[in-house]
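The values are calculated or read from the model by the stated rules, or taken from the named source; none is laboratory data. Note that the structure is predicted; figures quoted are calculated from it, not measured. When we count neighbours, we look across all protein chains shown, and the Cβ atoms used for this are built from the backbone with ideal geometry, even at glycine. Please note that ligands, DNA and RNA were not included when accessible areas were found on the heavy atoms of the full protein model with its side chains. Shrake-Rupley method; radii C 1.70, N 1.55, O 1.52, S 1.80 Å.
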Amino acid sequence: SQKIEQNSEALNIQEGKTATLTCNYTNYSPAYLQWYRQDPGRGPVFLLLIRENEKEKRKERLKVTFDTTLKQSLFHITASQPADSATYLCALGVAAGNKLTFGGGTRVLVKP
Amino acid sequence: EPEVTQTPSHQVTQMGQEVILRCVPISNHLYFYWYRQILGQKVEFLVSFYNNEISEKSEIFDDQFSVERPDGSNFTLKIRSTKLEDSAMYFCASRAGQGTDTQYFGPGTRLTVL
């Protein structure tokens, strides 16, 4: 069966350190993968998109990698800040413009 | 920066009643979506809409659900006869067009069915 798995345990990290989140998938051939931030009671906020033919993408303190052989994406927040505390969602798209299928999200808590 | 807006932010209804959730997608976007998120669960796809037609729908999107773009700016989700299990956050999303894959989400409508 198809699965998208993110670490359901919360990630507690000290301010200034790098947070690394994983997104693993099985029985998918995604065309792209997107990462979103979600705060409690709010809608997902788009952060980064990486396509199947891309290895890495960066945006300010964020970095995403995509390994289609390992069927895994890693999401890094460098120099983390308390304001980065939120739940981070990965979402796969299997065709251009198609529906997104979401993982369960990983909650990140950055302590001062 | 343009954003997707949704109204109301919170809707409380009695089981069996009809509700209409409203969304204003980002101007000039062509593709529209509804997702829902039951408390503590994953965000789930409901339906996609393009060129005044449903492009794809999930198993959740049964005959009780319908979508409409009644004018050039609004995109609505109607639930004809609400059930307790319809209680969730409903998110609208929009995408610009061909060659773009990023979907931008609205803040959501919290639907509570009593």
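Points worth noting:
- Positive-end extreme of charge dipole, the protein assembly as shown - chosen from A:Ala10, B:Phe105, B:Leu21 (charges on Cβ): A:Ala10
- Comparing the full protein assembly with the isolated chain (1.4 Å probe, heavy atoms, ligands and nucleic acids excluded), the residues of the range B:43-62 losing at least 20 square angstrom of accessible area are B:Val43, B:Phe45, B:Glu56.
- Bridge type composition, chain B - antiparallel percent by DSSP, nearest 5: 90
- Spatially proximal aspartates and glutamates relative to A:Lys55 (Cα-Cα < 19 Å; intrachain offsets below 8 disregarded): A:Asp67, B:Asp101
- Out-of-range pairs (alpha-carbon distance over 26 Å; input A:Lys59/A:Lys99; A:Lys63/B:Lys57; A:Lys17/B:Lys42; A:Lys71/B:Lys83; A:Lys59/B:Lys57; A:Lys3/A:Lys57): A:Lys63/B:Lys57; A:Lys17/B:Lys42; A:Lys71/B:Lys83; A:Lys59/B:Lys57
- Equivalent ellipsoid of chain B: semi-axes from √(5λ) of the C-alpha gyration tensor, largest first, are 23, 14, 13 Å.
- Sequentially through the range B:11-22, phi angles give Karplus couplings (6.51, -1.76, 1.60; θ = phi - 60°) of 10, 10, 9, 8, 3, x, 7, 8, 10, 10, 9, 10 Hz, Gly and Pro residues having no value and appearing as x.
- Estimated dipole of chain A in Debye, rounded to 20 [Cβ of Lys and Arg +1, of Asp and Glu -1, Cα centre]: 120
- Selected from A:Ala83, B:His10, A:Leu48, residue furthest toward positive end of dipole (the protein assembly as shown; charges at beta carbon): A:Ala83
- Chain A - Rg and Dmax from Cα coordinates, angstrom: 13.4, 41
- Proximity of backbone amide H atoms, modeled 1.01 Å from N, is registered between B:Glu56 and B:Ser48 at under 5 Å, excluding neighbours fewer than 5 places apart on the same chain.
- When both bridge partners sit in chain A, DSSP labels roughly 90% of those beta bridges antiparallel.
- Solvent-accessible area, 1.4 Å probe, carbon plus sulfur percent, for chain B: 46
- Excluding ligands, DNA and RNA, the accessible surface per residue across chain A is 50 Å² with a 1.4 Å probe.
- Only Cα pairs under 8 Å and 6+ residues apart enter the sum, and on that basis the relative contact order of chain B stands at 38 percent.
- The mean sequence distance of close C-alpha pairs (under 8 Å, at least 6 residues apart), as a share of the length of chain A, puts its relative contact order at 36 percent.
- Area buried, chain B against chain A - accessible surface, total, 1.4 angstrom probe, square angstrom: 1500
- Evaluated at q = 0.10 Å⁻¹, the base-10 log of the normalised Debye intensity for the protein assembly as shown, with identical point scatterers placed on the Cα atoms, takes the values -0.46.
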